[in-house]
Each structure stands twice: as C-alpha cells, then as structure tokens.
Amino acid sequence: MLIAQAEVLITSPGRNFVTLRIRTADGVVGYGDATLNGRELAVATYLSEHIVPLLLGRDAHLIEDTWQLLYRGVYWRRGPVTMAAIAAVDTALWDIKAKVAGMPLYQLLGGRSRVSCRVYGHASGRDNEELFDSIRAHMARGFRAIRVQTAIPGQDSTYGVASSSAAAAGSDARYDYEPARRVPLPIEERWDTRAYLRHMPGVFEAVRNEFGPELPLLHDTHHRLTPIQAAKLGKDLEPYDLFWLEDVTPAENQEALRLVRRHTTTPLAIGEIFNTIWDYQTLISEQLIDYVRSAITHAGGVTGLKRIFEYAAMYQIKSGVHGPTDISPVGLAAAVHLGIALHNFGIQEYMPHSADTHAVFRPTYSFVDGGLMPGEEPGLGIDYDDALAGSFPYQPAYLPVNRLLDGTVHDW
Ligand code: EZ4
Ligand code: CO
C-alpha cells in the first residue's frame, strides 16, 4: 500500500476549503481536510512543500508512525498550521485504511456506540423577534439543540449573528452566516463587554419563556471575557439551564478556568482553537470543563482527537466537536464517524454547507431526527469532483478583527 501521489486541492464554492488527496500505487484514494479559516494558503504550502515529499513511497497503512513522524520528527511541533497539515494526512490515511478494509471508517474506530450523533444548530437574530424566528426555523428543519447568539444593542455587528433574516433562518443557499468575509483585508468589529454582560441574561430569559424548559440551549462567548466576567456570566445564566457556555476566556491560560468553575455550575465547553492534548492537560485533569471542542481538522486528525477524547473520558468529560462551515465536509464526515463510535460523545456542532459545497465534496452523511449519521460505504464517504471544484477558484477571505470602543485590539 505505497503512497504514489499526494495532492493539495483548493476550492471556494462560497468559501475556501483546502483538501489533501492521497492516492496509493494501486489506486485507493483518501481525503483529509486542511482548512484553516483565513490562513488557508499557509497550510496548503506546508503540505505541498514540506509534507508531500515525505509521503511519497511510504506505506499508507502506517497511520500512527506517520502521525509521530510529522509531529516529533520535524522538531517544530504543535500550532494550528502544523496540526491542520497533520490532520489532513491522518484523516486521508484513515479513509484509505477503511476503504481497503471495505468498511465505513466508524467500524475501524470500534463500531457504533449510538444510533446517530446529536447535533446543535446556530440560531441568531438582530433582535428577539428575529432570534425567535431563527430558532423556530431551525426546529422546523429538524434541529433539537440550538446555539443562541444575538446582536448587542448599540453595536453594528456581533459575532455569530447572521447578516440577514433569511440567513438567520438557516438558509444554506449561500454562506451569509459565515464570519469570514471575502475581502482582501480583515474588516473590524467593535465590542463592549459591559453591554454584552448586561444584555445576555434577558435574552435567555425571553428564549426560555418562549420555548420552555426542554430545548437544549448553547451560547458562545468567543474568548472575550476575563475569568471574573466569565464567572459572573455563568452565574447569571444559571436560571436558564444552558447545555453549555462556550469559550468564555482565551483559555491558553488553563488555570483561569479554576476561578470560573468555583463560581458557576453552568457547563463549560472549550477548545476550538486548541490543537493538541497538551492544551487540555489542566482543563481535563482538574475537571475544569465539561466538553472538548477541538475539530478533527485542527487537532491532528482522527488520531489526535481520539487521544484527547480517551483522556477526557477518564474525567466524565464529553465531546463537543467544532463543526462550523470552515470545517469542510471531509472534516465533518470524519467527526461523524468518530462521534458514532466514541463512548463519551456529547454533541456535534452542525452548520450545514451550501449546495455548491455539497456538489463538490458529495458527502454521504445525512441529517436525520436532529442527528448526523455517517454513510455506510467504505471509508469516510467523500467523492471530490475535481472539475466542479476547479470552477470555484480560491478567493482571499478573512475573519474580522475585534476592537474595544476605545480602539484597543480585543479577542475576536
Ligand atoms: O468563529 O469557526 O463555535 N463556533 C465558532 C466558529 C468560529 C469559526 C472561526 O473560523 O466559534 O463560528
Ligand atoms: Co465557538
């Protein structure tokens, strides 16, 4: 099973995706997602210049050895660019191994532990009325757990709020709810932490009054608070029984979560920008979080994520895999195969891709009864259409930059 070819594929069917395709000498093909939002070409170059030459002629069956070779073997380890590149190779090799075995990937990961992977969708609104409509539209589409984000009065734009009512309702004709904009330079947003902290409890009170106590509700703070602010928000939201509160602080300071945890029983989810198990060492061993948010695409692939989840399982911490639209259908397919097999699965984030993106990747996972089901064909269930992908050339796109009202750069 020698690797004969490895290609880096870039396409932009509404947004940019970087995909690695590995082909063995006897023609088995595997796909891995290498998309790093706003830094796509850095990973593409890392792969094509530094990794592809190492792969040619290697045995495609050596998944663990290849992972260690690309992690330890280059001396410069960790970081989002390196770990996205490793993830792409790892996922493609798992896809190949499963195809050779003649099984869907989840069978190689231990087989089914559940019927489907429960997901949550993204509702948002510029006011409560638009937010309620968005929640209703998501429920009508089959979502049974909902992330709630709203505009903060007095702010022009707020993270997580769709740019139109149609987008808030969950229309996936275009990526109007995607935070990366197709612009040559990042746009700037403004942020007022005090206004946010004052506004959010009332929003959740209104949502609970409208939709009742059963509906699982989530919220993403996007790294913007200090530990004491996060503790206050967690406490203030306790009456509304959140499923989780996400990324309350910039958690590279893992010890910060001790303070948050001492003050609130609101469940905490962290880690979409983390990329190794070491980023979670204190958070997991001290039980400072409830859900692990890393994506297959950004944390070293199936191998990297499996390692983190098995560690988390020792502490009753569950998976909550990152699944925004900047994770391609390849990355999402891999997450669904791992999620269906994993014992400590919690919930999967799911922002449906556009029709054009589906046409390029032809994923075989399906969304049924509020959950994602992996396809049953051998491998990941991805079939990349080169001709169509070629008709959507790369377009520079960037996530916004965030500034406080006085102009200070803040966490976005
Ligand atoms: O802002 O993936 O929980 N989801 C998120 C995402 C991130 C984007 C950044 O590329 O926070 O919407
Ligand atoms: Co998030």
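What to note about this one:
Okay, residues lined up against (1) within 20 Å of Pro400 (Cβ to Cβ); (2) assigned to a helix (DSSP H, G or I); (3) among the basic types (Lys, Arg):
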{"residue": "Ile135", "(1), (2), (3)": "no, yes, no"}
{"residue": "Leu185", "(1), (2), (3)": "yes, no, no"}
{"residue": "Glu189", "(1), (2), (3)": "yes, no, no"}
{"residue": "Arg198", "(1), (2), (3)": "no, yes, yes"}
{"residue": "Ala206", "(1), (2), (3)": "no, yes, no"}
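- So Val248, is it open to solvent by less than 10 Å² (accessible area, probe 1.4 Å), away from ligand 1 (no atom under 16 Å from the Cβ), more than 24 Å from Asn209 (Cβ to Cβ) and β-branched (Val, Ile, Thr): no
- Some residue of region 249-259 being within 18 Å of Tyr196 (Cα to Cα) and within 14 Å of ligand 2 (Cβ to nearest atom): yes
- Options Thr158, Thr150; residue that is of a type outside the set (A, V, I, L, M, F, W, C) and surrounded by fewer than 22 Cβ atoms within 10 Å (Cβ to Cβ): Thr158
The values are calculated or read from the model by the stated rules, or taken from the named source; none is laboratory data. This is a predicted model, so every value here is computed, not measured. Glycine gets a Cβ as well: all are built from the backbone with ideal geometry, and neighbour counts include every protein chain shown. Just the protein is used for accessible areas: all its heavy atoms, side chains included, with ligands, DNA and RNA removed. Shrake-Rupley method; radii C 1.70, N 1.55, O 1.52, S 1.80 Å.
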